[in-house]
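**Q** Take this structure first; my questions come after.
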Amino acid sequence: MIRDFSKDEYDEFKSLFSISDTWQIIKNIFLEIDRKVLEHGERVAYIVLSLAKRQKLDTKTTRSLVFAALFHDIGMIWSDEEETEFKSFNPKDTYGHALSSYLFLKYFSPLKKYSEIVLFHHGRVDREQVNPFYKLGVKLHICDRIDVAEMNGISRERTIELLNKNAGKIFYKQDVEDMIYLLEKTSVLDDLKTNKCRDTIDKYLSAMYFRRDVVRNYLFMATYCFEFFDTETMFHSRMTSSLCYLLGRYMNLNLHQLSVLYTAGLFCDIGKARIDHSILKKPGKLTDEERKIMKRHDEYTKEILEGCIKDPQVIDIAYSHHERLDGSGYPRGLKGSEIDINKRIIAVADIASALMAHRSYKDAYPMEKTIEELQDMVDSGKLDEKVVKAFIDNQQEISAYLENHINRVLRTLQAMRGEKARLKFANSWSL
Ligand SMILES: [Fe+2]
Ligand SMILES: [Fe+2]
Ligand SMILES: [Fe+2]
């Protein structure tokens, strides 16, 4: 039996992050990938909250709609739809991004139960389906259109005209009535231009409660965001954090240190989101100039994490994952005692993870070859001897643990891609 986090470890991990911290992490990653989609999601969630209040929707329904609103267009990042479609009041093709958003939430997030609302967020009353989420999708649709109208500079009067014209056709009559009330009698439209939307959503989320295991799933969701631009980095992050966790345990770190190290492992390469894709995904070896650019990812990681993680240790460890004991590493060229046990562990975890993974320029190394390479780096004074010894002594458990965890990620990815292909094939769905 391969052990996952224990109850105590989950508790310690949870004490490191509140829901709003976790949301800040996800948000910061999305800001790197696609700022406009994230900000649009926040504004639509704000409109949803206003409508839910007006209609006195129950807490559960409101929460479903808010989460669906936050991520409803996330699939835009994946799909080939034109940006003009994103902004268009009457988009022609909405299937691709609605499907991608749905798949992302269903497979890569703890928000699976809201994924169908997202799938139907361009749904219309005159095509109503029996699916209970369809109705909520249509409700989300009207909120979405208000922000799209705002983005297009459509006047309040014209927006109201468009709503009235489509009452009972695209939108529910009651929703149109309530939305017009909000537009005429409240500050909702003006609020879209200010920070009020963001602040209100942050406050709304920080009042929520999370189960202990769900926090980690939200962080996994954040690493799945890498899937938008680089599957390799996504796998690498998951493997590095698993290795940090195992090596930390073998080195008898306390629970708090273990959670700090695990998180640093998950996000140490997040700065790669800012590296040009032509370099990040280049098949074959990088030129000196490209390598120089690639090495900037540690600085970017630090910058991104400083905007969302409160624990300075997590940031410091993530920032230092390329430091080497002999001072040959980067970005600071730290040496010997300047590199504490956490940084020594993440260095080994990062290298082992890279060696054991398939890369565009090399095959995955088997365990023996990985150990040989690690040992060479100990002999040349680059890596910590004790940490590598812990790796070697526990190689069987490490292999089994990684196989179990990485296979799980692989299966999720395959299931998602399978459903994507099936749904694209069965494109007869009316959305
Ligand atoms: Fe959309
Ligand atoms: Fe949208
Ligand atoms: Fe790195």
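**Q** Limited to segment 2-20, what total is found for residues that are in a helix (DSSP H, G or I) and touching a helix residue (DSSP H, G or I) at 6+ places or on another chain (Cβ under 7 Å)? Can you show your working first?
**A** Filtering segment 2-20 for residues in a helix (DSSP H, G or I) gives 7-16, 19-20.
Those left that are additionally touching a helix residue (DSSP H, G or I) at 6+ places or on another chain (Cβ under 7 Å): 8-14, 16, 19-20.
Number of matching residues: 10.
For every residue, the table says whether it meets (1) in contact with a helix residue (DSSP H, G or I) (Cβ under 7 Å, 6 or more places away or on another chain); (2) within 16 Å of ligand 2 (Cβ to nearest atom); (3) over 23 Å from LEU105 (Cβ atoms); (4) in the same structural domain as VAL348 (by TED's automatic domain parsing).
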residue	(1), (2), (3), (4)
GLU227	yes, no, no, yes
CYS268	yes, no, yes, yes
THR287	no, no, yes, yes
GLU290	yes, no, yes, yes
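**Q** Could you list, in sequence order, the residues of segment 343-401 that are among the small types (Gly, Ala, Ser) and touching a Cys at 6+ places or on another chain (Cβ under 8 Å)?
**A** Within segment 343-401, ALA349 is the sole residue that qualifies.
**Q** Taking the conditions exactly as written (in contact with a Phe, Trp or Tyr (Cβ under 7 Å, 6 or more places away or on another chain) and under 18 Å from ILE346 (Cβ atoms)), does LYS285 satisfy them or not?
**A** So LYS285 fails the test.
**Q** Looking at ARG198, ARG145, ARG156, which is the one that is touching a residue at least 24 places away in the same chain (Cβ under 8 Å), in the same structural domain as ARG43 (by TED's automatic domain parsing) and within 16 Å of ligand 1 (Cβ to nearest atom)?
**A** Values: ARG198 fails: within 16 Å of ligand 1 (Cβ to nearest atom); ARG156 fails: within 16 Å of ligand 1 (Cβ to nearest atom).
The match here is ARG145.
**Q** Go over the candidates ILE47, ILE29 one by one and state the one that is assigned to a helix (DSSP H, G or I), of a type in the set (A, V, I, L, M, F, W, C), at pLDDT below 90 and crowded, with 21+ Cβ neighbours inside 10 Å. Please lay out each step first, then the result.
**A** On the way: ILE47 fails: at pLDDT below 90.
Unique residue meeting the criteria: ILE29.
**Q** Given the condition at pLDDT 90 or above and within 16 Å of ligand 1 (Cβ to nearest atom), answer yes or no: does some residue in segment 88-95 qualify?
**A** no
**Q** Kindly indicate whether any position in segment 351-364 is more than 22 Å from MET294 (Cα to Cα) and part of a helix (DSSP H, G or I).
**A** Among the residues of segment 351-364, not one is more than 22 Å from MET294 (Cα to Cα) and part of a helix (DSSP H, G or I), which makes the answer no.
**Q** Counting only residues that are small (Gly, Ala, Ser) and free of Cβ contacts under 8 Å to residues at least 40 places away in the same chain, which one in segment 244-278 is farthest from ligand 3 (Cβ to nearest atom)?
**A** Only one residue tops the list, namely SER278.
**Q** Kindly establish whether GLU42 is in the same structural domain as LYS135 (by TED's automatic domain parsing) and within 16 Å of ligand 3 (Cβ to nearest atom).
**A** Criteria not met by GLU42.
**Q** Would you call ILE341 surrounded by 13 or more Cβ atoms within 10 Å (Cβ to Cβ) and touching a residue at least 60 places away in the same chain (Cβ under 8 Å)?
**A** Details: surrounded by 13 or more Cβ atoms within 10 Å (Cβ to Cβ): yes; touching a residue at least 60 places away in the same chain (Cβ under 8 Å): yes.
Yes, satisfied.
Rundown of residues vs (1) among the hydrophobic types (A, V, I, L, M, F, W, C); (2) touching a residue at least 24 places away in the same chain (Cβ under 8 Å), yes/no style:
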| residue | (1), (2) |
| --- | --- |
| GLU368 | no, no |
| ASP384 | no, yes |
| VAL388 | yes, yes |
| ILE398 | yes, yes |
| TYR401 | no, yes |
| ILE406 | yes, yes |
| ARG411 | no, no |
| ARG417 | no, no |
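**Q** If a residue counts only when it is surrounded by 19 or more Cβ atoms within 10 Å (Cβ to Cβ) and at pLDDT below 90, which helices (runs of 4 or more DSSP H) contained entirely in segment 146-262 have at least 3 such residues?
**A** 212-224, 231-250
**Q** Further question: Condition (residue is part of a loop (DSSP other than H, G, I, E, B), among the aromatic types (Phe, Trp, Tyr) and either within 14 Å of ligand 3 (Cβ to nearest atom) or surrounded by 23 or more Cβ atoms within 10 Å (Cβ to Cβ) (or both)) applied to segment 296-306: is it met by at least one residue?
**A** no
**Q** Filter segment 111-134 down to the residues that are farther than 24 Å from LYS169 by Cα and surrounded by fewer than 20 Cβ atoms within 10 Å (Cβ to Cβ) and list them by number.
**A** Hits for segment 111-134 are LYS112, LYS113.
**Q** While we're here: Given the residues LYS310, LYS272, LYS282, which is the only one that is assigned to a loop (DSSP other than H, G, I, E, B), under 26 Å from LEU413 (Cα atoms) and among the basic types (Lys, Arg)?
**A** Details: LYS310 fails: under 26 Å from LEU413 (Cα atoms); LYS272 fails: assigned to a loop (DSSP other than H, G, I, E, B).
Just a single option satisfies the conditions, and that option is LYS282.
The values are calculated or read from the model by the stated rules, or taken from the named source; none is laboratory data. The model shown is predicted, which means the values in this text are computed figures rather than measured ones. Using ideal geometry, Cβ is built from the backbone for each residue, glycine included, and neighbour counts are taken over all protein chains shown.
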